[in-house]
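To start, the structure under review is shown below, and the notes come after it.
The values are calculated or read from the model by the stated rules, or taken from the named source; none is laboratory data. Computed from a prediction, not measured in an experiment: that's the story for all the values here. Cβ placement follows ideal geometry from the backbone for every residue including glycine, while neighbour counts extend to all protein chains displayed.
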Amino acid sequence: MNGPSGKLDTTSATELHLASSTQRVPELDGLRGLAILLVIICHYIADATHARLGFLGDHLLTILGVGWSGVDLFFVLSGFLIGGILLESQESPNYFRTFYLRRVHRILPVYYLWIVLYIAFVCVAVYVLPRPVVLMPPGKALAQLDLTPFPKYFLFLQNIFYSPRVFEWMWFVVTWSLAVEEQFYLVAPPLVRFLSRRTLIRVLTLTVCLAPFLRWYCFRYLPQLDHFYQFGMPCRADALSLGILAAIGWRWAPFQKFLHDHPAVLQRVVIYLGVVLIGLLWWLARPANTVMVTVGYSVLAFFFAALLLLVLSQTASFPAPLMRATWLRKLGTISYCVYIIHLAFNQALHRFLLHAEPSIAHWRGLLLTLSALGLTLLTAAISWKYFEKPLIRRGHRFVY
């Protein structure tokens, strides 16, 4: 993978209460749909084998690898949504209890079910099937199947202890960002609860400023932790912090008035940051490098935070109508399950049926990729309707 591959904000837009309003904010579901779409493009198209398409086709599709940036949009959304919920319930006597019980109902069931399915598959493959499961192309070593990685995933430590083997990578690699979010859930509630608003803003601003330097230091001087600049919570905390800062600003009347009275300012900020990102594409589409882990991640976080505020404050102008598109909102609604399972479904179909890594350079590979996408969306839709949505409703019985 060219970079971190997407997570995902796991907070539904239905959980957001802007100011004293309880209205649903469809644009936020659309942004979540955009984020998961970027991740799917990265994993299903850019990361697939397509060298047979020629120099131009191969390089154009490789550029789509910047779809990993969907994870940064998810982080900004998560900071904004979770930060908003915490800010509005700051004085609640049930502050911690309600927050964590709601998070448990939203996050753990699907995730732990995915772990159980992994354990079941490994047990069947090792102890039941008469011959090894072929996961790699002929001539390459078979994947090692065992249950030793299980504890770190159960405890959300996979972003710290990161050394996956082939099958483990297929099943769990995207969940590093879930670990980041769980660690964020441990830190954010006490900060919002106990710090004054001014002190909270200072802490968040300092985090945004220090994160790129921390990523640079890990990337440059800690080769034994070569994953930490991408997957470590302190290293990725700037996007989450910017989301909380956006939530604070959105609830501050003078800031809202400024956005209303000067709409062109935010539009220009989004355009200018977009131009900077285009200038950074050469680094963002390549394997990890100094520019990407410092300036690249920071610019992405600021761009998505500005885009979020633009979509919320200017609902009649582009790109807000696009975020309200029905198909994008529906994709955003089921994005949590889609995120967890999409890579494994695509990898499994290609490796088990073609004994090869995913490819879209021939009709069989393209057909399997489309099949994996359809199967992923169908599974996630069923999960949402019959599993996730009822559990979220149950979690919302706990009130602030």
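Things to note:
- Among residues of segment 157-181 that are within 19 Å of Ile107 (Cα to Cα) and in a helix (DSSP H, G or I), those with a beta-carbon under 6 Å from a residue that is modelled with pLDDT of 90 or more and charged (D, E, K, R) at least six positions away or on a different chain give the pairs Val180/Arg236.
- Filtering segment 319-333 to residues that are within 15 Å of Lys389 (Cβ to Cβ) and in contact with a Lys or Arg (Cβ under 9 Å, 6 or more places away or on another chain) leaves Arg329, Gly332, Thr333.
Yes/no matrix, rows are residues, columns are (1) on the phi > 0 side of the Ramachandran plot; (2) buried (at least 18 other Cβ atoms within 10 Å of the Cβ); (3) among the aromatic types (Phe, Trp, Tyr); (4) not in a loop (DSSP other than H, G, I, E, B):
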residue: Ala348; (1), (2), (3), (4): no, yes, no, yes
residue: Ser383; (1), (2), (3), (4): no, yes, no, yes
residue: Tyr386; (1), (2), (3), (4): no, no, yes, yes
residue: Tyr400; (1), (2), (3), (4): no, no, yes, no
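- Val338 surrounded by 16 or more Cβ atoms within 10 Å (Cβ to Cβ), closer than 30 Å to Phe99 by Cα and either of a type in the set (Val, Ile, Thr) or touching a residue at least 24 places away in the same chain (Cβ under 8 Å) (or both): yes
- All conditions but one from (1) in a helix (DSSP H, G or I); (2) among the hydrophobic types (A, V, I, L, M, F, W, C); (3) touching a Leu at 6+ places or on another chain (Cβ under 7 Å); (4) modelled with pLDDT under 95 apply to Ala372; the one that does not is (4).
- Enumeration of residues in segment 243-272 that are of a type in the set (A, V, I, L, M, F, W, C), surrounded by fewer than 16 Cβ atoms within 10 Å (Cβ to Cβ) and under 20 Å from Pro319 (Cα atoms): Phe258, Ala264, Val265, Ile271
- Residue, surrounded by the most Cβ atoms within 10 Å (Cβ to Cβ), within segment 159-193, restricted to residues that are touching a Phe, Trp or Tyr at 6+ places or on another chain (Cβ under 7 Å) and over 19 Å from Tyr229 (Cα atoms): Trp171
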